Structure formats: C-alpha cells, structure tokens
Amino acid sequence: MPRPFLSARWKNLLNLTYEVPPELLEPHCPDGVELERSEGRSFVSLVAFDFTDTRVLGVPWPGYRAFPEVNLRFYVRHGNDRGVVFLREFVPKRAVAWIARALYGEPYVRAPMVSEQRLTAEKLSFGLRMDHGGRTHELRVTADSHSTHVPPEDSPEHFFKEHSWGFGTDRLGRTRRYRVDHPRWAVYDIESLTVDIDFETLYGEQWAFLDDADPIHRIFAGGSDVTVYPSKPLDAR
C-alpha cells in the first residue's frame, strides 16, 4: 500500500440523495468508468461534512486542519470497484481547492463557508452555511444522539455512503482514481432537516429542477478517521 497523501477525521456527514435522469450523468463519466444504478435508477448526492485533524503527507499544516466541505457527487463502477465522481466540491480554503485541482483533477471551488455542531444529552445538530453566487445556502440537521446503528450491506444507506474509490479526469483527459479507506459508518435517526440550497447557482442550469425536489434518501453519519491515497491512472497497480 502506498504512503497516504491525506489523513483526516470526517464527521457530521449529511448525505441527501436525489434521483436524476442518467443522461445528465453519463457525459460526466470518465473513460473506462460506467454509471452505477440501483434497480435501474441513477442518483446524485449532496454531501456536507467537516474535515478535522487534517494532515497532508503526515504534516498538520496550521490553518488547514479543520474546515467544512459541500459536494455534489454521483455513483460509478470500474469492474467490481464502486466509487464516486464529483460534479463540484466547495471548501472555504483557497489552498485546499488549488491542491485538489492540481493533484487530483477534482472540481474544487473556494467559497466562504462555516459549520457548527451542537451536542446535548439527547440531540446532535449540524449546520452549514455557504455564500456563493450572491446567495447564502444553508443545510441543517438534528438527530437523536443515542440512535446510532450501522446499516446492513443490502440497505440504501450502505449503497450511498460506502465507496472505496474516487474517479476523475486529469488535465490531459486521462481517467485517474484514488482510494479512500474508512470503517463502515454508523448513522443517526434524523429528526429534522432544513435544505435551503439553490442548485442552479451552485451547479448550473441543468440542475435547477432539484430546487423543487425532495431527497429520496437522507443519511446523517457520525464519520471516522479517513485515509486518502495518491491518485493513479485508472489501470495502474
């Protein structure tokens, strides 16, 4: 196993999944990767979470250890390897966005963003607010803090939250992938959810229909330590 490029703790992972026509996603599939479907249906997920204890090549860079992220992703396969492709990823740190674009070819964009967690004896709340395109976008979730369980492998929750690979296309048009390792995540029972997101502003006109759509699956996971390995060409060992 190669030396990890990045290690961190991801926590407060909110995954909101929407069914979308496959013709919207197929043009974004890197060469050699196919769109993954469940019962013939295809999906995107809006995911928000916190990075903490972030280290690059083992180094905890000051000012870059903790920050939130929001991304829109969809699901793909390469043979038996399941993974995700990102349509756009927002972070509040310019250097993080630049490194991700340069080294991984990921579509990162910098946007002012803050998140907060509140934990009481009974409730866990997570909120994220981001400014982009002249508008404030907000997500907020509250869960029963005692309700955690690990979904079975045949559940929708497992399908949407457990993937070992990220796939993308570099500046030369080559398909690359990178491995992401973490234990299976436990999830909470969601009690309330606020979604105030302008998909057209964040992701483009073709995604405007999601402004009026309800997510078909809602997942709020506690998270864990995560290890991200260097990006390699698709068929490299």
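Worth pointing out:
- Put simply, of 186, 221 the only residue that is on the phi < 0 side of the Ramachandran plot, surrounded by 13 or more Cβ atoms within 10 Å (Cβ to Cβ) and free of Cβ contacts under 8 Å to residues at least 40 places away in the same chain is 186.
- Residue list for the range 15-35, restricted to those being over 26 Å from residue 99 (Cα atoms) and either part of a strand (DSSP E or B) or open to solvent by less than 10 Å² (accessible area, probe 1.4 Å) (or both): 16, 17, 18, 19, 20, 34, 35
- Pairs where the first residue, in the range 193-210, is crowded, with 16+ Cβ neighbours inside 10 Å and the second is part of a loop (DSSP other than H, G, I, E, B), C-beta under 6 Å, 6+ apart: 201/133
- Cβ-Cβ contacts under 6 Å between residues 6 or more apart (or on different chains), taken from a first residue in the range 5-33 that is aromatic (Phe, Trp, Tyr) to a second residue that is at pLDDT 95 or above and open to solvent by 40 Å² or more (accessible area, probe 1.4 Å), are absent.
- Every test in (1) free of Cβ contacts under 8 Å to residues at least 24 places away in the same chain; (2) open to solvent by 40 Å² or more (accessible area, probe 1.4 Å); (3) more than 16 Å from residue 89 (Cβ to Cβ) is passed by residue 155 save one, and that test is (2).
- Any hit, the range 73-83, residues being in contact with a helix residue (DSSP H, G or I) (Cβ under 6 Å, 6 or more places away or on another chain) and modelled with pLDDT under 90: no
- Within the range 170-178, none of the residues are in a strand (DSSP E or B) and open to solvent by 60 Å² or more (accessible area, probe 1.4 Å).
- Count of the range 192-219 residues which are outside any helix (DSSP H, G or I) and either among the aromatic types (Phe, Trp, Tyr) or closer than 18 Å to residue 25 by Cα (or both): 4
The values are calculated or read from the model by the stated rules, or taken from the named source; none is laboratory data. Keep in mind that what you see is a predicted model, and the values were worked out from it rather than measured. Every residue, glycine as well, gets a Cβ built from its backbone with ideal geometry; the counts of neighbours run over all protein chains shown. These accessible areas exclude ligands, DNA and RNA; they are computed on the full protein's heavy atoms, side chains included. Shrake-Rupley method; radii C 1.70, N 1.55, O 1.52, S 1.80 Å.
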